[in-house]
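I have placed the structure first, in the form of structure tokens, so that the comments after it can refer back to it.
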Amino acid sequence: MTAIAADPRLSGRKVKRIAFDAETIATRVAELGAEITEAYPDGELLVLGLLKGSFIFLSDLVRKINRPIQVDFLVAASYGDAMVSSGNVRLLYDPETRLEGKHILLVEDIVDSGRTLNKLMALLEERSPSSLEICALLHKRIADELHYDTRFVGFDAPHEFLVGYGLDHAENFRHLPYIASLQ
Ligand code: PRP
């Protein structure tokens, strides 16, 4: 832990606990890629990454999907600089790719309250995809309000504020190769 406590990427903050190290994440992402490959034997598959939090997960995941895919992004924001979800989900970028008739896989870094997914899934359903599923790296399992199944889940997440592997606090720490809570 000493080496990680001194991690120069943390701008003086200290890791309280590493929830998922880089190797554990890589193993699970490879498994998810295999699950996704098997789940979509045919049809066009559009993998939609929800930015910004999913950017590292998405880039690792798509390289483990062993079939043709297209990739596009959605940009939404809900937290701002706070450590709790505000529930105020704003869509800042809408995919330009056609969604109609395609299998859509929405890739999210973490499901917390579920409000982001409720809003985005409702928007995507209106575009008449042939199927619409969610893949989340982390799921806190507290999303009582979430109206949609999360078909592919990497890990159940501890109920702590997590950073790293795309997850931020006020835009910091996204580049950590592990997922941790900070002191
Ligand atoms: C975070 C996270 C999820 C969402 C989850 O995004 O990346 O998208 O909140 O919270 P919820 O289930 O309570 O809606 P954020 O708004 O912080 O934007 P970011 O992806 O740019 O970090």
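Values computed for the structure shown
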| quantity | calculated |
| --- | --- |
| In segment 91-126, residue modelled with the highest pLDDT [restricted to those that are in contact with a Lys or Arg (Cβ under 9 Å, 6 or more places away or on another chain) and exposed (fewer than 15 other Cβ atoms within 10 Å of the Cβ)] | GLU100 |
| Qualifying strands (runs of 3 or more DSSP E) (wholly inside segment 1-77; at least 2 residues being farther than 13 Å from LEU105 by Cβ and in contact with a strand residue (DSSP E or B) (Cβ under 6 Å, 6 or more places away or on another chain)) | 15-20, 70-77 |
| Residue among ASP168, ASP144, ASP156, ASP109 that alone is away from the ligand (no atom under 12 Å from the Cβ) and among the charged types (D, E, K, R) | ASP156 |
| Residue tally, condition over 12 Å from LEU106 (Cβ atoms) and touching a strand residue (DSSP E or B) at 6+ places or on another chain (Cβ under 9 Å), over segment 150-161 | 8 |
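Here's the yes/no breakdown for (1) near the ligand (Cβ under 9 Å from one of its atoms); (2) part of a loop (DSSP other than H, G, I, E, B); (3) surrounded by 14 or more Cβ atoms within 10 Å (Cβ to Cβ); (4) modelled with pLDDT under 90:
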residue	(1), (2), (3), (4)
MET83	no, yes, no, yes
SER128	no, yes, no, no
LEU132	no, no, yes, no
CYS135	no, no, yes, no
THR150	no, yes, yes, no
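The values are calculated or read from the model by the stated rules, or taken from the named source; none is laboratory data. It should be emphasised that the depicted structure is a prediction, and the values quoted were computed from it without experimental measurement. Cβ coordinates were reconstructed from backbone atoms using ideal geometry, including for glycine residues, and neighbour counts include every protein chain displayed.
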